Amino acid sequence: MTNAIKTFLAALALAAVSAATHAQAGGFTPELFDAWIKMRAGDGKPVFWYSEGIVKSNPEGETIGYMTGTDMSIVMRDETKPNTWIQLSRKIFITIDPKTGEIALGPDGKPRRPIAYPYQMKTYTLDGDEIVYSVQSHDGRVIADEEPRRNYSVRKIGNVTHFNYAMFIDRDRGNGERVQRFEVNDFFMRPDPDLNEQERYQYTWTGTGPGPIMSSAVSWRYSAFDDIPNELVKKYIRENAPLWQAPPKDMAEIERIRTIRPYPLGQK
């Protein structure tokens, strides 16, 4: 983990000092599109992005909590459309109490329910030099479809490839509840042959909301659930959310989960 963080900071420093052209939507070649798919979702085998982050009040800047968890995926080609891949994923993030270092408790004294998506189905299509991106998300209670977007950019900074996309989320969750968020996602890929998976693939995320809060996280990639470097996270998932030990296997699993709302955390 130490080497991964050092490599990540080096990539950020390089990005900051390099005289690179400002990233705009597009810039993708077929090779860069393939590189993005393999980085984000693998080559058909499961990949696990492990995350550590912090949640702060805005504008006070007080630490509300830490967050940690994993986002896992497989990817498959969409045989019905040219230049299109489908990423099947799910994610779970746990809030950590900043004072105790343990899972944060709710008002009832029980562990606070994590952010847990039973599935997300993401589609990427290369159209010219742009990625057309769409996503359907099951957040445990409701299913939401985001309109297709052309919000991805790519640029080379030395030997680092930087992928970026922003998301403006305005979603009705029913019962008068509305989720409005803004997120920025930055992925950094290094080609050095002597780097391990965690050093080669890194990801930062910054988001606003819900309400007056700011969150940020850094992530790096593993090829197996057991390799995730956080025993608290793995123990919680094994005991309380067993579905989140692996990504969705196929579209049949997506169809099954789609019919279950709300989705019980402990259900496989």
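Structure notes:
- The range 55-80, residues that are surrounded by fewer than 17 Cβ atoms within 10 Å (Cβ to Cβ), farther than 24 Å from Tyr124 by Cα and in contact with a strand residue (DSSP E or B) (Cβ under 8 Å, 6 or more places away or on another chain): Lys56, Ser57, Asn58, Glu62, Thr63
- Hey, Ile260 hydrophobic (A, V, I, L, M, F, W, C) and surrounded by 16 or more Cβ atoms within 10 Å (Cβ to Cβ) or not: no
- Odd one out for Val184 among (1) part of a strand (DSSP E or B); (2) closer than 30 Å to Ile260 by Cβ; (3) not hydroxyl-bearing (Ser, Thr, Tyr): (2)
- Residues of the range 187-223 that are assigned to a loop (DSSP other than H, G, I, E, B) and under 16 Å from the mean Cα position of the chain (by Cα): Ser223 alone.
- Complete set of residues in the range 111-163 that are in contact with a strand residue (DSSP E or B) (Cβ under 8 Å, 6 or more places away or on another chain) and either on the phi > 0 side of the Ramachandran plot or among the acidic types (Asp, Glu) (or both): Gly128, Asp129, Glu130, Asp139, Gly140, Asp145, Glu146, Glu147
- Meets criteria (under 19 Å from Arg149 (Cα atoms), in contact (Cβ under 8 Å) with a residue 60 or more places away in the chain, surrounded by fewer than 18 Cβ atoms within 10 Å (Cβ to Cβ) and more than 22 Å from the chain's Cα centre (by Cα)) for Pro30: yes
- Candidates Phe163, Phe168, filtered to the one that is in contact with a helix residue (DSSP H, G or I) (Cβ under 8 Å, 6 or more places away or on another chain), part of a strand (DSSP E or B) and within 30 Å of Arg258 (Cβ to Cβ): Phe163
- Residue ID - modelled with the lowest pLDDT, chosen from residues in the range 226-268 that are touching a helix residue (DSSP H, G or I) at 6+ places or on another chain (Cβ under 9 Å) and among the aromatic types (Phe, Trp, Tyr): Tyr263
- Lys56 modelled with pLDDT of 95 or more and either out of contact with any Phe, Trp or Tyr (no Cβ under 8 Å at 6 or more places or on another chain) or not in a helix (DSSP H, G or I) (or both): yes
- Some residue of the range 127-142 being surrounded by fewer than 17 Cβ atoms within 10 Å (Cβ to Cβ), within 20 Å of Met76 (Cα to Cα) and out of contact with any Asp or Glu (no Cβ under 7 Å at 6 or more places or on another chain): yes
- Members of the range 209-224 found to be within 19 Å of Ile74 (Cα to Cα) and surrounded by fewer than 17 Cβ atoms within 10 Å (Cβ to Cβ), listed by number: Ser223, Ala224
- Flag if Asp227 is without any contact (Cβ under 8 Å) to a residue 40 or more places away in the chain and exposed (fewer than 14 other Cβ atoms within 10 Å of the Cβ): no
The values are calculated or read from the model by the stated rules, or taken from the named source; none is laboratory data. None of the values given here were measured: they were computed from a predicted structure. With ideal geometry, Cβ positions are generated from the backbone for all residues, glycine too; neighbour counts draw on all protein chains shown.
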